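The values are calculated or read from the model by the stated rules, or taken from the named source; none is laboratory data. A quick note: this is a predicted structure, and the numbers were derived from the prediction, not measured. Counting neighbours? That spans all protein chains shown, and the Cβs are built from the backbone with ideal geometry, glycine included. Ligands, DNA and RNA are stripped out before the accessible areas are found, and what is left, the full protein with its side chains, is counted by its heavy atoms. Shrake-Rupley method; radii C 1.70, N 1.55, O 1.52, S 1.80 Å.
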Amino acid sequence: LMGRTGGAGSGPPLARRAVSGAAAPAARREVHRALADVTDPEVDPDRRAWHRACAALTPDETVAAELEQSAGRALAYGGVAAAAAFLEQSTALTPDPTRRVRRALDGARLKVHAGGYGDALALLAAAHAVPLDEAARARIDLVRAEVSFATDRGNEALPLLLAAARRLEPIDAGLARDTYLDALAAALFAGRLASGPGALQVAEAVRKAPSPNGSRTCDALLEGLAVVFTDGYAPAVPLLHDAVKAFVAEELTLDEALRFAPLAASTAASLWDDTAWDVLTRRHLEVVRRTGALSALPLALHTRSVVDLFRGDLVAAAALTDEARSVTEMTGATFTPYGEIGLAALRGRDEQAGPLLDGCLHDAVARGEGVGVNTAQWARAVLCNGLGRYAEAAASAAQAAADPRELGPPKWALAELVEAGVRSGQHRAAAAALERLSVMTRAGGTDWALGIEASKRALLHHGSRADALHRE
């Protein structure tokens with residue numbers, strides 16, 4: 001049957017599974033060996049390597065090396081899960097302890113991207129089975145922290161990432177800086193609910209860390225975000241604009257595209273750079289879909305849907321949030337459904353939005369996810385402003401805007417606070433919110449930023465002055 005339909009691996013899947021399951025291990029290995037022998041290494045090296053691996057009874061460096069090469073080819077074509085599987089098999093067949101640790105760690109990081117968190121931890125356990133040098137121990141700490149951040153976007157991963165970054169500084173400066181950027185992302189997720197070190201502590205560590213060798217796209221983003229928390233928003237804006245432009249214009253590695261492009265997109269939103277925000281969220285979602293990076297898909301869908309909300313395309317946003325809900329149920333991801341609560345708020349359906357916001361706020365606090373609190377409170381301010389409940393809107397907006405240095409919703413919440421304050425007679429609070437907002441919009445300098453400022457300033461004026469600001 002296989003000979004008539006095209007070679008190794010073809011034939012009815014259920015029939016293959018039944019035959020394979022009924023065979024003794026030795027017989028299965030013999031069949032895999034035969035299939036490897038008849039598979040052309042030039043035409044289909046990866047299938048041949050897999051069959052050779054399945055036929056191996058003891059560690060074999062030749063086969064392990066072929067599997068590692070297959071992983072590289074899979075990754076070049078964007079197959080994260082396939083590359084991780086090749087490296088997992090390669091690790092099991094590697095006789096040399098040093099190579100085994102390296103392959104196990106490389107495979108574990110890819111398993112995290114693919115959503116295989118249990119497999120990633122199993123590979124770390126395999127690495128722990130041999131004596132480790134300081135570099136290997138530091139990388140194990142890093143992958144454990146990445147698993148923690150991927151599975152629970154709360155604040156537990158932050159101290160792990162910060163410790164891993166510090167440990168990596170004398171070993172691998174570039175990897176240490178990448179890990180600091182991961183730590184900043186975790187700090188921004190934790191926000192006000194960070195139970196230990198927060199964004200300021202990460203930023204201070206970054207400013208003290210050794211300077212990078214050469215210029216990398218992610219280094220510019222790291223420096224700019226660190227300056228936000230050590231020196232303030234306005235001094236950081238030129239650095240951040242340059243970093244965001246680089247992420248838009250330059251060719252990113254797969255690791256950069258999966259790990260850091262979402263943070264660059266959030267930075268673009270905080271700069272009121274709608275063009276870059278649109279490009280980066282769309283590109284990130286495309287990369288995640290193409291590579292099968294399942295762990296990143298729910299967040300990519302939600303962040304892209306928020307762009308659609310601001311563009312006024314609620315139909316597109318709803319389609320993405322529906323997909324995100326299905327993926328989240330499958331992966332068990334735990335974080336605030338940002339697009340879903342924003343969509344509910346903009347639709348103004350209090351009977352649906354109210355319970356959803358209450359539940360998301362409760363869950364975000366329980367997880368220690370400060371950005372979820374900010375988003376839920378911003379969404380409630382939008383909902384209440386839309387329904388004319390201005391005092392409630394002002395209270396929620398003030399909560400969301402507590403620290404405008406954080407990315408995204410706190411800045412949008414300041415705009416909602418101006419409107420809610422004016423409509424509820426809290427003119428002094430509205431004026432103070434406008435001044436906080438205008439510092440950032442003028443520093444950002446984009447049409448979106450300046451338009452937001454003009455529209456909110458108009459609410460504090462009357463007559464021809466208000467009309468001129470609305471027209472501006």
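Okay, here's what the table says:
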{"read-out": "Inter-residue pairs, beta-carbon under 9 Å, first under 19 Å from A92 (Cβ atoms) and in the range 37-53, second among the aromatic types (F, W, Y), 6+ apart", "value": "D46/F86; A49/F86; W50/F86; A53/F86"}
{"read-out": "Residues being farther than 20 Å from T303 by Cβ, free of Cβ contacts under 8 Å to residues at least 40 places away in the same chain and in a helix (DSSP H, G or I) - total across the range 384-401", "value": "12"}
{"read-out": "Test: residue in the range 275-294 that is closer than 20 Å to R405 by Cβ, in contact (Cβ under 8 Å) with a residue 40 or more places away in the chain and crowded, with 20+ Cβ neighbours inside 10 Å", "value": "no"}
{"read-out": "Selected residue (criterion: farthest from D308 (Cα to Cα)) from residues of the range 319-359 that are open to solvent by 10 Å² or more (accessible area, probe 1.4 Å), out of contact with any Pro (no Cβ under 6 Å at 6 or more places or on another chain) and not in a helix (DSSP H, G or I)", "value": "G332"}
{"read-out": "Any hit, the range 254-265, residues being in contact with a Lys or Arg (Cβ under 7 Å, 6 or more places away or on another chain) and under 27 Å from A366 (Cα atoms)", "value": "no"}
{"read-out": "A226 vs. criteria at negative phi, of a type in the set (A, V, I, L, M), at pLDDT below 95 and open to solvent by less than 10 Å² (accessible area, probe 1.4 Å)", "value": "no"}
{"read-out": "Answer residue from the range 52-97, given it is among the aliphatic types (A, V, I, L, M) and not in a helix (DSSP H, G or I) and is surrounded by the fewest Cβ atoms within 10 Å (Cβ to Cβ) among those", "value": "L57"}
{"read-out": "Qualifying residue in the range 252-272 (condition: more than 19 Å from the chain's Cα centre (by Cα) and either among the acidic types (D, E) or at pLDDT 90 or above (or both))", "value": "yes"}
